[in-house]
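My questions all concern the structure below.
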Amino acid sequence: MTTAIRTEGLTRMFHGVTALDQLDIEVPTGSIFGFLGPNGAGKTTTIRLLLGLLEPSSGGATVLGRDVRKDAQGIRESVGVLLENDGLYERLTAYQNLDFFARVARLSSGERSSRIQSLLEEIGLWERRDDPVADFSRGMKQKLALARAFLHRPALLFLDEPTAGLDTPTAVGLRRELVSLAREEGVTVFLTTHNLLEAERVCDRVAVIRQGRLLAEGPPEAIRSGGRRSLEVTASGVGPALVERLMLTGEVTGAHVEPDGRLILDLAEDAKTAPLVRALVESGAEVSEARIRGESLEENFLALLGDDGTPERSEGAVRREDRE
Amino acid sequence: MRDLLVVAGKELREIVGAGGGRRGLFREIMFVGIFGLFFPLTQAEAWRAGGVPATFALMIPLFLVGPHVADSFAGERERGTLETLLATRLPDRSIYFGKIFAVCGYAWVVTLLILLASLLALNLTGGGRSAAGARVWFTYPSFVWVAWGLGSIASGLLIAAIGTFISLRSKTVRGAHQAMMIPMFVLILGGTIGIPALFRQLPPATRTAVLSQLEAMDAVVVVLWGVGALLLFDVVLLALGARLFRRDRLISD
C-alpha cells in the first residue's frame, strides 16, 4: 500500500495561536479519506498546508511523494481542489470556467474539448454549458466545481466541505457523483467534513481533529465501534439472576440498572444484540423497548470530542498518543 | 509566458463580461462615444492641434484600468475565487502579470478605438486641407501616435501597479475602489492642474528658458522622454509588486 499523503508533526501557528498541532496522518493511495472536525478545528488549514499555500510552522508533509516546502508547485500541478468556496467565475459560462482551468492545467486543445464535454455530460450540465455560472443553483455550481477538480485527471483530490450548505437531495446527488468519479478515475480523495453521515457513507478511513489536534484515526467502523456500545432495555421482570445469566453469554461485559429502571448492558466487541433480547424475553422479562446506544459514528465522534475538549478514549481507532 | 496569457485571457473575458451580458461592452461604447465622438466634435480645433488627444491618450487608461485593477485581487477574494486560483499550478508571476497585462491591453485597445473614432469624427466634419486648400484625409501629428502607442501603456501600467498594491491588501472590492480614488485623483489632477500650476510658480526667466528649450525640441522626442521616465517608474513599481505578491500572505491575510 503506497501513501498519497503523509504528515509528520505538521504544525501551523497564526499570531501565537496554534491552528494545527503536531498532525501525524497517512492517507493510503486510492482511498477516500475523511477529515472530520467541528468548525475551526484546523481542517482548512491542513488543506492549505498540504497544497503549499501556507508554510508549516514546524513539522512537514509529503503529498504524492513531494515535500510541501520544496515542491509546492509540483503538488498543485498533480492535485485537484474544491475548496470552501466553489471558486467559479460567475461572469463566465460553465464551459469557459472549465476551459480556463483546462488551459491552466495545460491540456491540449483536443483533450480540453473532449474532457470538458464528457465531464459536463457526466454531471448533467452539458445543455447549460453556455450559461453564465451566476445563473446556476448552488448545487449546480458545486457539481461544476467538482468537475473542475477532476478536469486534469489529478492523482489526488482535496475537497473542503463539498456538500456544506446544500439541501439533502443535492448533497446526496453530489456525494454520489463524487464517489462514482473517484472510483471511476482511481483518485485518492482527501475530504474534510463535519457531516458524519457523509464520512460514514463515503470514506474508507477517517481522522477526527479538534482544536488542531488529531484525536483518532482509522476506518469509520473502527471509530464507530471504538466507543462503548451498550444495549438499553426497558423491561419489567429483570432480576439479578437474569443479568448474571446474560453476563455468562460473553456478549455482555457489564450491566447496571438506571434509577428510572432501565437496564443497561455494556456490550462486548462484535456482540450480537438479537440473542440477548431473545434471552431476556425467554426468561420471562417483559421487554417494551431495546435500543443500542453509541453505535453511530456521530455519537462516538461527540464522545471523542468531549464536552471539555479533552479527548476521550476510543479503543477501536488508532490514536496519536498510541502511536507515539 | 503561456500561463500569463491564459490568466490574461480569463481576465479579459471577465472584463468584457463574456457570458454575463452586454454591460461590459456598453461601458466601452460609452467611452468611445464621449471621448472619441462628443469631445472631438465639440472641440475640433483643439483636437486637430494634437495636444488634447495626446493628453487623453495618457489620461483615459487611468479611468479604464483603475476600476478593473481594483477588482483584480480584492474581487477574486470577495467572490471566493482567489484561493482556488492560488491552488492551481500557475506561478505567482503569471497570476500577477497576467492580470496587469489584461487590464493594460484592454485599456490600450479602447484608447486606440477612441483615437480612431475621433479621427473619423474630425474627417467627417471637415477633414484636413492640403497646401493648395483641397480637402484631404486628416491625421494626427506623430507625437499623438507616440503618446497613444507608448504613453497609454505607461500610464496604464502606472495605475495598474498602484492598483494591485491596493487590491492585494483590500478585503472588499468596495474598499479597493474607494482606495483607488486617491491615486487616480492625484494622477489626473496632478497631470492636468498640478504640473501646470507648479510650472507657473517658476521664475519667469526659467519658464521662458524651459519653454524655448521644449519648442526647440521635436514634440516626439519630448513625449518619448516623458513616457520613458514614466516607464522606468512603472518597472520599479511592478518589480516591487511582484516581490510582494506571495501566496501565503494572500491566504493568511
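The values are calculated or read from the model by the stated rules, or taken from the named source; none is laboratory data. Quick caveat, the model's predicted, so the values are computed rather than measured. No Cβ is skipped: glycine too gets one built from the backbone with ideal geometry, and neighbour counts run over all protein chains shown.
Of all the helices (runs of 4 or more DSSP H) wholly in region B:184-253, which have at least 1 residues that are within 20 Å of B:A74 (Cβ to Cβ) and out of contact with any Phe, Trp or Tyr (no Cβ under 8 Å at 6 or more places or on another chain)?
Here the list reads B:219-244, B:247-252.
Quick check on my filter: what residues within region A:41-52 are more than 10 Å from chain B (Cβ to nearest Cβ) and of a type in the set (K, R)?
Within region A:41-52, just A:K43 meets the criteria.
Hey, another quick one. Since A:E312 meets every condition but one in (1) closer than 30 Å to A:L36 by Cα; (2) at pLDDT 65 or above; (3) not hydroxyl-bearing (S, T, Y), which condition does it not meet?
Of everything listed in (1) closer than 30 Å to A:L36 by Cα; (2) at pLDDT 65 or above; (3) not hydroxyl-bearing (S, T, Y), A:E312 misses just condition (2).
Quick check on region B:221-250: of everything there that is β-branched (V, I, T) and crowded, with 18+ Cβ neighbours inside 10 Å, which residue is farthest from the other protein chains (Cβ to nearest Cβ)?
B:V223
So, in region A:151-169, how many residues would count as being without any contact (Cβ under 8 Å) to a residue 60 or more places away in the chain and out of contact with any Ser or Thr (no Cβ under 8 Å at 6 or more places or on another chain)?
Start the filter on region A:151-169 by keeping residues that are without any contact (Cβ under 8 Å) to a residue 60 or more places away in the chain, which leaves A:153, A:163, A:165-169.
Remaining after also requiring out of contact with any Ser or Thr (no Cβ under 8 Å at 6 or more places or on another chain): A:153, A:165-169.
So the count comes out to 6.
Something else now. For region A:10-29, check the following and say yes or no: at least one residue is of a type in the set (D, E), surrounded by fewer than 23 Cβ atoms within 10 Å (Cβ to Cβ) and more than 16 Å from the chain's Cα centre (by Cα).
From region A:10-29, those of a type in the set (D, E) are A:21, A:24, A:26; that's our starting set.
The next check asks that each one be surrounded by fewer than 23 Cβ atoms within 10 Å (Cβ to Cβ); those that pass are A:21, A:24, A:26.
Next, from what is left, pick out any that are more than 16 Å from the chain's Cα centre (by Cα): A:21, A:24.
Checked region A:10-29: at least one residue is of a type in the set (D, E), surrounded by fewer than 23 Cβ atoms within 10 Å (Cβ to Cβ) and more than 16 Å from the chain's Cα centre (by Cα).
Being closer than 27 Å to B:H68 by Cα, loosely packed, with under 15 Cβ neighbours inside 10 Å and of a type in the set (K, R) is true for just one of B:R200, B:R207, B:R174, B:R135. Which residue is that?
Step by step, each of B:R200, B:R207, B:R174, B:R135 is checked, and only B:R174 is closer than 27 Å to B:H68 by Cα, loosely packed, with under 15 Cβ neighbours inside 10 Å and of a type in the set (K, R).
Out of A:E84, A:E121, I need the residue that is of a type outside the set (A, V, I, L, M) and under 30 Å from A:L36 (Cα atoms). Which one?
A:E84
Still on this structure: So is A:S78 facing chain B (nearest Cβ under 9 Å) and out of contact with any Ser or Thr (no Cβ under 9 Å at 6 or more places or on another chain) or not?
yes
In addition: Quick one: which helices (runs of 4 or more DSSP H) sit completely within region A:206-282 and have at least 1 residues that are within 30 Å of A:L49 (Cβ to Cβ)?
A:220-226
Let me confirm something: among B:G80, B:G75, B:G98, which residue is touching a Gly at 6+ places or on another chain (Cβ under 7 Å), under 30 Å from A:A145 (Cβ atoms) and within 14 Å of chain A (Cβ to nearest Cβ)?
Answer to the check: B:G80.
Of the conditions (1) modelled with pLDDT of 80 or more; (2) surrounded by 19 or more Cβ atoms within 10 Å (Cβ to Cβ), A:P219 clears all except one; give me its number.
Failing condition for A:P219: (2).
Give me a count of the residues in region A:134-170 that are over 16 Å from A:E77 (Cα atoms), in a helix (DSSP H, G or I) and in contact with a strand residue (DSSP E or B) (Cβ under 8 Å, 6 or more places away or on another chain).
Qualifying residue count, region A:134-170: 3.
Let's see how each residue does on (1) touching a Ser or Thr at 6+ places or on another chain (Cβ under 7 Å); (2) closer than 26 Å to B:M180 by Cα; (3) within 14 Å of chain A (Cβ to nearest Cβ); (4) not in a helix (DSSP H, G or I):
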{"residue": "B:T84", "(1), (2), (3), (4)": "no, yes, yes, no"}
{"residue": "B:T111", "(1), (2), (3), (4)": "yes, yes, no, no"}
{"residue": "B:L119", "(1), (2), (3), (4)": "yes, no, no, no"}
{"residue": "B:L122", "(1), (2), (3), (4)": "no, no, no, no"}
{"residue": "B:A154", "(1), (2), (3), (4)": "no, yes, no, no"}
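Ok, one more. For region A:18-30, how many residues meet the condition of being within 19 Å of A:A149 (Cβ to Cβ) and assigned to a strand (DSSP E or B)?
Counting residues in region A:18-30 that are within 19 Å of A:A149 (Cβ to Cβ) and assigned to a strand (DSSP E or B) gives 1.
Next up: Which is under 20 Å from B:V7 (Cβ atoms), among the acidic types (D, E) and either within 11 Å of chain B (Cβ to nearest Cβ) or in contact with a Lys or Arg (Cβ under 8 Å, 6 or more places away or on another chain) (or both), of A:E55, A:E90?
Values: A:E55 fails: under 20 Å from B:V7 (Cβ atoms).
Residue meeting the stated conditions: A:E90.
To keep it simple, each residue is scored yes or no on (1) small (G, A, S); (2) in contact with a Lys or Arg (Cβ under 7 Å, 6 or more places away or on another chain); (3) in a loop (DSSP other than H, G, I, E, B); (4) in contact (Cβ under 8 Å) with a residue 40 or more places away in the chain.
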{"position": "A:R69", "(1), (2), (3), (4)": "no, no, yes, no"}
{"position": "A:G80", "(1), (2), (3), (4)": "yes, no, no, yes"}
{"position": "A:E84", "(1), (2), (3), (4)": "no, no, yes, yes"}
{"position": "A:N97", "(1), (2), (3), (4)": "no, yes, no, yes"}
{"position": "A:F101", "(1), (2), (3), (4)": "no, yes, no, yes"}
{"position": "A:S118", "(1), (2), (3), (4)": "yes, no, no, no"}
{"position": "A:E121", "(1), (2), (3), (4)": "no, no, no, no"}
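Being surrounded by fewer than 17 Cβ atoms within 10 Å (Cβ to Cβ) and outside any strand (DSSP E or B) is the filter here; which residues of region A:31-67 pass it?
Of everything in region A:31-67, those that are surrounded by fewer than 17 Cβ atoms within 10 Å (Cβ to Cβ) and outside any strand (DSSP E or B) turn out to be A:P38, A:N39, A:G40, A:E55, A:S57, A:G65.
Further, regarding this structure: Out of the residues in region A:93-131 meeting the condition of being more than 20 Å from B:V7 (Cβ to Cβ) and at the interface with another protein chain (Cβ under 8 Å from one of its Cβ atoms), tell me which one is surrounded by the most Cβ atoms within 10 Å (Cβ to Cβ).
Filtering region A:93-131 for residues that are more than 20 Å from B:V7 (Cβ to Cβ) and at the interface with another protein chain (Cβ under 8 Å from one of its Cβ atoms), the one surrounded by the most Cβ atoms within 10 Å (Cβ to Cβ) comes out as A:D131.
Please enumerate the residues belonging to region A:103-116 that are of a type in the set (K, R) and part of a helix (DSSP H, G or I). Walk me through it before giving the result.
Step one: filter region A:103-116 for residues of a type in the set (K, R), giving A:103, A:106, A:112, A:115.
Across region A:103-116, the qualifying residues are A:R103, A:R112, A:R115.
Next up: With the checklist (1) surrounded by fewer than 24 Cβ atoms within 10 Å (Cβ to Cβ); (2) among the hydrophobic types (A, V, I, L, M, F, W, C); (3) under 25 Å from B:R243 (Cβ atoms); (4) touching a residue at least 60 places away in the same chain (Cβ under 8 Å) in hand, flag the one item B:V103 doesn't pass.
(1)
Cβ contacts < 8 Å: first residue more than 10 Å from chain A (Cβ to nearest Cβ), restricted to region B:5-27; second residue at pLDDT below 70, any location; separation 6+ or different chain. Result?
Matching pairs, first to second residue: B:L25/B:G17.
Another question, then. Scan (1) in contact (Cβ under 8 Å) with a residue 24 or more places away in the chain; (2) within 11 Å of chain B (Cβ to nearest Cβ); (3) surrounded by fewer than 20 Cβ atoms within 10 Å (Cβ to Cβ); (4) over 28 Å from the mean Cα position of the chain (by Cα) for the single condition A:D135 breaks and write down its number.
All conditions pass for A:D135, except number (1).
Which one is farthest from B:R89 (Cα to Cα), of the residues in region A:176-194 that are without any contact (Cβ under 8 Å) to a residue 60 or more places away in the chain and surrounded by fewer than 20 Cβ atoms within 10 Å (Cβ to Cβ)?
A:R176
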